[in-house]
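Working notes for the structure below.
The values are calculated or read from the model by the stated rules, or taken from the named source; none is laboratory data. Values in this document were obtained by computation on a predicted structure and should not be read as measured data. FYI the Cβ positions are ideal-geometry reconstructions off the backbone, even for glycines, and counts take in every protein chain you see.
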């Protein structure tokens, strides 16, 4: 496991990995990533998620086919990743559901995003790379993994050892462009 001087140092090294080496990922590392996601906060403690770990090569390759978009040439790297974690939205509890209706905010989507980043940051701590993917063939993924028709796959996260240790420079907006105090 890596050990970072600070949380901010770990965040600075997290990036979307799109080139994986062939090493398999140890189950203990995936388990710790899933535990980090499981422990993440959610609105009204609804925990509206289910994680499907796909590491069996034949299923993983079929899943990668459902993620890859040949027309736009997107997500071609997914066959390299030794693990895919499919995040399925589950029904929120009644309190979260009422809040969603009253406030018009889809709390389960926010909750899933928080859980996903918890998983990804734990992966960094484990020396792993991840890529959060939202572009895939929903129907094909559900069919392949026997996900009930009334459920929705929100994200797929590829996990594995990065092929390189290079940390790309982050291209982000300047703080002055995204932060204000006390007023917009």
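Which one of these is under 20 Å from residue 22 (Cα atoms) and in contact (Cβ under 8 Å) with a residue 12 or more places away in the chain: 91, 60? If you could, list the steps in order and put the result at the bottom.
Details: 91 fails: under 20 Å from residue 22 (Cα atoms).
Only one candidate qualifies: 60.
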Self-check item: Residues that are at pLDDT below 95 and assigned to a helix (DSSP H, G or I), drawn from the range 12-32
Solution: 12, 13
Exercise. Test each condition in (1) in a helix (DSSP H, G or I); (2) buried (at least 17 other Cβ atoms within 10 Å of the Cβ); (3) in contact (Cβ under 8 Å) with a residue 60 or more places away in the chain for residue 96 and report the one that comes out false.
Key: (3)
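From the list 66, 81, pick out the single residue that is out of contact with any helix residue (DSSP H, G or I) (no Cβ under 7 Å at 6 or more places or on another chain) and under 19 Å from residue 144 (Cα atoms).
Working: 66 fails: out of contact with any helix residue (DSSP H, G or I) (no Cβ under 7 Å at 6 or more places or on another chain).
Result of the check over 66, 81: 81.
Based on what the data block shows, is residue 133 touching a strand residue (DSSP E or B) at 6+ places or on another chain (Cβ under 6 Å), closer than 28 Å to residue 24 by Cβ and buried (at least 16 other Cβ atoms within 10 Å of the Cβ)?
Numbers: touching a strand residue (DSSP E or B) at 6+ places or on another chain (Cβ under 6 Å): yes; closer than 28 Å to residue 24 by Cβ: yes; buried (at least 16 other Cβ atoms within 10 Å of the Cβ): yes.
Judged against the criteria, residue 133 is a match.
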Quiz prompt | Unique match (being within 16 Å of the chain's Cα centre (by Cα), surrounded by fewer than 18 Cβ atoms within 10 Å (Cβ to Cβ), touching a residue at least 12 places away in the same chain (Cβ under 8 Å) and within 19 Å of residue 15 (Cα to Cα)) among 114, 85 | solution = 114
Quiz item: Looking at this structure, is residue 146 within 24 Å of residue 34 (Cα to Cα), in a loop (DSSP other than H, G, I, E, B) and without any contact (Cβ under 8 Å) to a residue 12 or more places away in the chain?
Solution: yes
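Does residue 169 qualify as being at pLDDT 95 or above, exposed (fewer than 10 other Cβ atoms within 10 Å of the Cβ) and under 30 Å from residue 80 (Cβ atoms)?
Values: at pLDDT 95 or above: no; exposed (fewer than 10 other Cβ atoms within 10 Å of the Cβ): yes; under 30 Å from residue 80 (Cβ atoms): yes.
Against the criterion (at pLDDT 95 or above, exposed (fewer than 10 other Cβ atoms within 10 Å of the Cβ) and under 30 Å from residue 80 (Cβ atoms)), residue 169 does not qualify.
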Quiz prompt | Count of residues meeting criterion [over 14 Å from the mean Cα position of the chain (by Cα) and in a helix (DSSP H, G or I)] in the range 33-62 | solution = 9
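Determine which member of the set 71, 88, 124 is touching a strand residue (DSSP E or B) at 6+ places or on another chain (Cβ under 7 Å) and either in a loop (DSSP other than H, G, I, E, B) or at pLDDT 95 or above (or both).
Details: 71 fails: touching a strand residue (DSSP E or B) at 6+ places or on another chain (Cβ under 7 Å); 124 fails: touching a strand residue (DSSP E or B) at 6+ places or on another chain (Cβ under 7 Å).
Only one candidate qualifies: 88.
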Practice problem: Please give the number of the condition residue 58 fails out of (1) surrounded by fewer than 16 Cβ atoms within 10 Å (Cβ to Cβ); (2) in contact with a strand residue (DSSP E or B) (Cβ under 9 Å, 6 or more places away or on another chain). | Solution: (2)
Quiz item: Consider residue 119 against the criteria (1) surrounded by 16 or more Cβ atoms within 10 Å (Cβ to Cβ); (2) within 22 Å of residue 39 (Cα to Cα); (3) out of contact with any strand residue (DSSP E or B) (no Cβ under 9 Å at 6 or more places or on another chain): it satisfies all of them except one. Which criterion is unmet?
Solution: (3)
